[in-house]
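What follows is a short report on a single structure.
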Amino acid sequence: MVSTESQVFGKRAQKHIIILASGDKVRHMTIRPWMAAVSVCFVSVFSIGYLAATSYLVLRDDLIGGTMARQARMQHEYEDRIAALRAQVDRVTSRQLLDQQVLEDKVEKLLQQQMALSSRHGRLGTLLDRAEESGIAEKDIQPEAAPVESQKRADAGGGLKAIERLMGMGGNTPQQKMALAYAPQATSNGQEAMSDRADRLFSKVTLSLKDIEQQQKTRIDNLTAGASEATDAIMTILARTGVKLDADEVAVTPAVTADDDAIGGPFVEPETTEAFDNSLIGLDTALGRLESVRSQAKKLPFNNPSPASDITSTFGNRLDPFLGRLALHAGIDFRAPTGTRILATAPGTVITAGKNGGYGNMVEIDHGNGITTRYAHLSTILVNAGDKIRTGEPIARSGSTGRSTGPHLHYEVRLNGEAVDPMRFLTAGIKLSHYIN
């Protein structure tokens, strides 16, 4: 009989049996090797877990502290980075706001200059009109350009639009409107920065305004010099006739007509805060002197009483045609057939219109400033004493009345009652025609 047990491995191991008895019941359970192995593994795993849990509980505070420290460091790093970014954003914003404020200040200054030039141009325009009426407007000076925007007289609104257009602020989009306020400082491709471009344009506009201001100043100086020269020339010519005018005195005493509004008050020097205002005052004074002297000159007898007639006898000593001896001829004689129209040589008032001894029929006109003119040997008198006469108005017709040898006109000019050579005034009238006509 062959034994079922292995002869190679020896005797079979005895099986372990666990017997459980409970009262009358008896139970048994065989413990196999794999069950023992599983039990050992389970106990080992439980022991390892228990030891790990115990170690975790022991070392937990250190791990938690390290984790929290690491998280705190990361949080601090992020906060520092955010703070740095915020500081950078604040610097950029501050720089942009500062640039915006600077640009606004520059625009405000340009507008102030432009408005000042507009105001000056308006005041200067009146003086230029007066200068042109006075005949001293310069031909070699080009009309000045209007400030900033056009050739017309500029206003503040036009200047603002022109400056905005030059600076790139005239667009309708928000990006165009804010182009200057938030302009980049430099470009990455090496192009011109917006701030540099703005500075360049501001400099260009400022120089343009300065050029306009200088043109205005130069023109005012030239016109002032021209008015002064014309005034001096007129006074010099008048001085040769024996008439002296105080241009400074008459310039500040304008004539007031019945239609003018009554004004008055103590004289106070005008405020002059700028050199330009001084220039305007100088030009106004020079034009006032010129207009006053010219107005006075037009009242003087510089015209010819009989333009188509020749002079037959001059002023001065000559042989008297009736007595044949030397006598003073107090005027000049014009060859004028009977009936020739005789014209007033200056505006004035008729003080004599009738017979007057050797003068025959005579008209005498008072022209002011102590100057009178006499027209003698007339055939017909066309005016009456007290009449107001204009320059060139017919006052009589020539004849041969009184102490006369034939038809002619005897013409006299008297200064403060004394006879002076009328040729002085006729010659002065030719010279003054360039200044007073």
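The values are calculated or read from the model by the stated rules, or taken from the named source; none is laboratory data. Just so it is clear, the structure is predicted and the values come from calculations on it, not from any experiment. Reconstructed Cβ throughout: ideal geometry from the backbone, glycine too, with neighbour counts over all protein chains shown. These accessible areas exclude ligands, DNA and RNA; they are computed on the full protein's heavy atoms, side chains included. Shrake-Rupley method; radii C 1.70, N 1.55, O 1.52, S 1.80 Å.
At R0 = 51 Å, how high is the FRET efficiency between VAL43 and ILE82 if r is their beta carbon distance? Nearest 0.05 is fine. All intermediate terms of the calculation are to be shown ahead of the outcome.
Values: r = 55 Å, r/R0 = 1.07.
Result of the calculation: an efficiency of 0.40.
Multiply the residue separation of THR380 and ASP366 by 0.36 nm, subtract the distance between their alpha-carbon atoms, and state the gained length in nm to one decimal.
Values: separation 14, 0.36 × 14 = 5.04 nm, distance 1.97 nm.
Taking 0.36 nm per residue and subtracting the Cα distance, the gain is 3.1 nm.
Run the simple label-point estimate for ILE19 and LEU207 please: 7 Å along Cα→C-beta, distance reported in nm.
12.6 nm
Could you work out the relative contact order of region 294-398? I mean the mean sequence separation of Cα pairs under 8 Å and 6+ apart, divided by the number of residues, in percent. Intermediate values should be presented prior to the final figure.
Details: 229 pairs, mean separation 28.8, N = 105.
Relative CO of region 294-398 lands at 27 percent.
Between ALA116 and GLU133, how many nm apart are label points set 7 Å from Cα along the C-beta direction?
Distance between the two pseudo-spin positions: 3.0 nm.
Pick out, in residue order, every one of the chymotrypsin sites (Phe, Trp or Tyr not before Pro) in region 313-352 that is DSSP loop and has at most 13 other C-beta atoms within 10 Å; say none if there are none. Could you put the intermediate results ahead of the total?
Working: sites: PHE315, PHE322, PHE334; in loops: PHE315, PHE322.
Passing both the DSSP loop test and the Cβ count: PHE322.
Checking the table LYS106/LYS217; LYS355/LYS388; LYS244/LYS388; LYS244/LYS298; LYS109/LYS204; LYS109/LYS210 against a 18 Å threshold on Cα-Cα, which pairs fail?
Working: LYS106/LYS217 24 Å; LYS355/LYS388 20 Å; LYS244/LYS388 24 Å; LYS244/LYS298 14 Å; LYS109/LYS204 14 Å; LYS109/LYS210 13 Å.
Where the Cα-Cα span goes over 18 Å, the pairs concerned are LYS106/LYS217; LYS355/LYS388; LYS244/LYS388.
Rounded to the nearest 0.05, what FRET efficiency is calculated for GLU393 and ARG123 with R0 set to 45 Å and r the Cβ-Cβ distance? Spell out each step's value before the answer.
On the way: r = 39 Å, r/R0 = 0.86.
Efficiency, rounded to the nearest 0.05: 0.70.
Within the accessible area of region 320-437, what % is carbon and sulfur when the probe is 1.4 Å and the other protein chains stay in place? Don't jump to the answer; show the numbers that get you there.
Working: 2680 of 5450 Å².
Carbon and sulfur together cover 49 percent of it.
Report, by chain and number, residues whose modeled amide H sits under 5 Å from the one on ALA396, excluding near sequence neighbours (fewer than 5 apart, same chain).
So ALA396 has HN proximity to ILE342, LEU382.
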